[in-house]
1. Does region A:292-306 contain at least one residue that is over 15 Å from A:VAL356 (Cα atoms) and more than 14 Å from chain B (Cβ to nearest Cβ)?
2. Scan region A:267-282 and give yes if some residue there is touching a Leu at 6+ places or on another chain (Cβ under 6 Å), more than 14 Å from chain B (Cβ to nearest Cβ) and touching a residue at least 12 places away in the same chain (Cβ under 8 Å), otherwise no.
3. Among the residues of region B:97-112, which ones are surrounded by 10 or more Cβ atoms within 10 Å (Cβ to Cβ) and assigned to a loop (DSSP other than H, G, I, E, B)?
4. Take A:LEU302 and decide whether it is within 30 Å of A:HIS41 (Cα to Cα), crowded, with 24+ Cβ neighbours inside 10 Å, in contact (Cβ under 8 Å) with a residue 60 or more places away in the chain and within 21 Å of the chain's Cα centre (by Cα).
5. Might you let me know whether region B:70-83 holds any residue that is at positive phi and either of a type in the set (Lys, Arg) or not in a loop (DSSP other than H, G, I, E, B) (or both)?
6. Quick check: is even one residue across region B:29-45 away from chain A (no Cβ under 14 Å) and more than 30 Å from A:ALA232 (Cα to Cα)?
7. Does at least one position in region A:222-244 carry a residue that is more than 14 Å from chain B (Cβ to nearest Cβ), closer than 30 Å to A:MET100 by Cβ and surrounded by 18 or more Cβ atoms within 10 Å (Cβ to Cβ)?
8. Can you work out which of the residues in region A:250-266 that are under 22 Å from A:GLY332 (Cβ atoms) and surrounded by fewer than 22 Cβ atoms within 10 Å (Cβ to Cβ) is nearest to the other protein chains (Cβ to nearest Cβ)?
Amino acid sequence: MPKKIVLPLILIALAATAAGAETEAPTAASNLVAIELVQSHADYVWTLVAAALVFFMQAGFAMVETGFTRAKNAINILMKNLMDFSVGSLGFWAVGFGLMFGATSTGWFGTSGFFLSDYVPGQDPWVLAFWMFQVVFCATAATIVSGAMAERTRFSSYLIYSLVVSTVIYPIFGSWAWGGLYNGGGWLEGLGFIDFAGSTVVHSVGGWIGLAGAVVLGPRLGKYSADGQARAIPGHNLPLAALGVFILWLGWFGFNPGSTTAANKEISWIFVNTNLAAATGSVLAMIVSWLKFGKPEISMSLNGALAGLVAITAPCYNVTPTSAIIIGAVAGVLVVMSVLFFERLRIDDPVGAVSVHGVCGAWGTLAAGLFNVEGFSLSVVGVQLLGIVVCFIWAFGLGFIMFKIIEKTVGLRVSPEEESDGLDFSEHGGSAYPDFQISAYAQK
Amino acid sequence: MKKIEAIVKPFRLEDVKDALANLSVTGMTVTEVKGFGRQKGHKEIYRGAEYVVDFLPKVKLEVVVDDEKVDQVVSTIGQAAKTGKIGDGKIFILPVEEAVRIRTGERGPEAL
């Protein structure tokens with residue numbers, strides 16, 4: 001701006017401020033209110049920026065899952081991810097948020113705040129910011145399952161699952177652990193359960209439902225040879241998978257520190273814990289894969305980063321950075337062993353979702369008790385274990401029942417012909433890569 | 001006229017093309033193919049499961065030339081494509097009944 005405009009503008013601004021000051025001289029009390037308002041505004045900004053980061057994790061999941069599965073199913077994976085967020089948002093708006101954070105007399109589920117009825121235009125909109133932050137967490141839990149059930153699930157049946165998880169399975173468990181963050185108050189948090197950002201509430205819930213889905217579906221055609229040996233079905237685009245992991249890692253900087261829902265200095269140590277756990281997880285997973293397979297393997301190393309992130313999610317607020325490294329290290333080892341374990345059980349999990357989110361979610365929740373900065377306490381660890389077990393029973397149990405019902409009614413799995421043709425063609429009438437010739441790479 | 005079909009290692013393609021240009025062989029068709037002969041495939045590993053990749057990427061070059069040029073073209077391709085290691089490829093010679101230039105309708109060796 002030219003100098004001859006700047007100077008007059010400054011004078012006008014000063015005059016205006018002086019004129020305003022004459023009518024409202026600040027007092028100590030009004031200063032306090034103003035300061036609190038600035039803090040409140042900062043809380044809103046941080047919470048919503050974090051919500052946007054966590055939203056972007058949907059892109060991360062989409063890319064990881066697409067990259068780790070075959071090209072002929074890419075459209076289907078993307079549709080499931082898109083709908084997990086879209087159907088999930090609507091389900092959580094209508095029913096889920098109320099069940100999770102509504103007023104409760106029992107401590108088992110909420111009974112108010114459905115359809116965002118807590119929001120009254122013109123009044124304090126904190127519920128909107130809080131809802132926005134919570135809905136992206138619900139969508140994260142929902143989309144975890146899409147990876148475990150990839151490449152053989154009927155799309156219409158998956159939509160049913162998506163609605164049920166965001167309206168019933170996720171929010172009710174969530175109310176037990178987090179209801180008190182708003183209008184509710186759950187029985188589990190009442191016992192002192194620690195799960196700051198959701199290793200159990202989000203990741204284990206998603207992981208165990210994914211396990212139920214993979215179990216009910218059965219393995220992909222060709223995954224196991226006649227003598228029970230697991231065969232490789234290589235992902236078609238490892239650059240996409242890696243991009244997805246980096247996006248998730250970035251989004252986790254909203255997931256964990258954002259769970260303060262407040263702009264304060266503590267977010268700095270949550271950031272550091274998050275990063276150290278992810279880094280250690282990927283290094284350890286790489287080392288384990290190197291020792292076991294003879295060469296450092298990319299898909300395991302990528303899973304290792306995610307395992308560290310999932311594991312630090314519960315304890316990110318109450319452990320030291322050094323502990324975060326240990327927690328990430330254990331997760332990195334655990335995830336590789338877990339992937340191989342489930343594969344031996346003939347449970348086909350194309351992207352390792354159950355191992356990354358279910359198993360490492362449980363580990364992270366336990367770690368929040370073991371590495372608690374407030375000191376080791378057996379009763380605290382006991383409550384952590386209780387939460388882990390109850391989550392498994394709830395999520396795997398309800399998930400299994402739901403998928404069995406879907407299987408017996410509308411069907412859960414596509415036919416062998418549809419699976420061989422690829423879901424892009426059979427379920428969606430298209431091809432993700434129309435300009436390219438898609439063909440299988442690995443034989444036996 | 002004869003069609004010369006050469007299956008060569010992909011990274012030799014440019015050298016083969018340049019060598020043929022020096023013989024004034026002005027046209028050719030190239031396809032990306034997979035295959036194996038005596039060169040075995042290799043093993044890869046994905047998430048702990050080993051798998052075999054038998055079909056290796058190759059490039060198939062097709063050139064149609066006058067009968068007099070065949071020997072020279074075949075030995076030029078062979079020299080340019082050779083590395084001395086297993087998997088260098090093969091050259092096949094097939095008879096061509098007729099050739100047509102689409103734009104002008106010319107037939108026979110003038111169409112090449």
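Every read-out reported here was derived from the displayed coordinates using simple, explicitly stated rules and does not represent laboratory data. These numbers come from a predicted model, not from an experiment. A quick note on method: Cβ atoms are made from the backbone with ideal geometry, for glycine too, and the neighbour counts reach across all protein chains shown.
1. Scanning region A:292-306 turns up no residue that is over 15 Å from A:VAL356 (Cα atoms) and more than 14 Å from chain B (Cβ to nearest Cβ).
2. yes
3. Kept after step one, since they are surrounded by 10 or more Cβ atoms within 10 Å (Cβ to Cβ), are these residues of region B:97-112: B:99-101, B:106-109, B:111-112.
Hits for region B:97-112 are B:ALA99, B:ARG101, B:GLU106, B:LEU112.
4. So A:LEU302 does not fit the description; no.
5. Taking every residue of region B:70-83 in turn, none turns out to be at positive phi and either of a type in the set (Lys, Arg) or not in a loop (DSSP other than H, G, I, E, B) (or both).
6. Within region B:29-45 (the criterion being away from chain A (no Cβ under 14 Å) and more than 30 Å from A:ALA232 (Cα to Cα)), the answer is yes, since at least one residue qualifies.
7. Of region A:222-244, the ones more than 14 Å from chain B (Cβ to nearest Cβ) are A:226, A:239-240, A:242-244.
With closer than 30 Å to A:MET100 by Cβ added as a condition, the list becomes A:244.
Now drop any that are not surrounded by 18 or more Cβ atoms within 10 Å (Cβ to Cβ), which leaves A:244.
Yes, the conditions are met somewhere in region A:222-244.
8. Out of the qualifying residues, it is A:LEU250.
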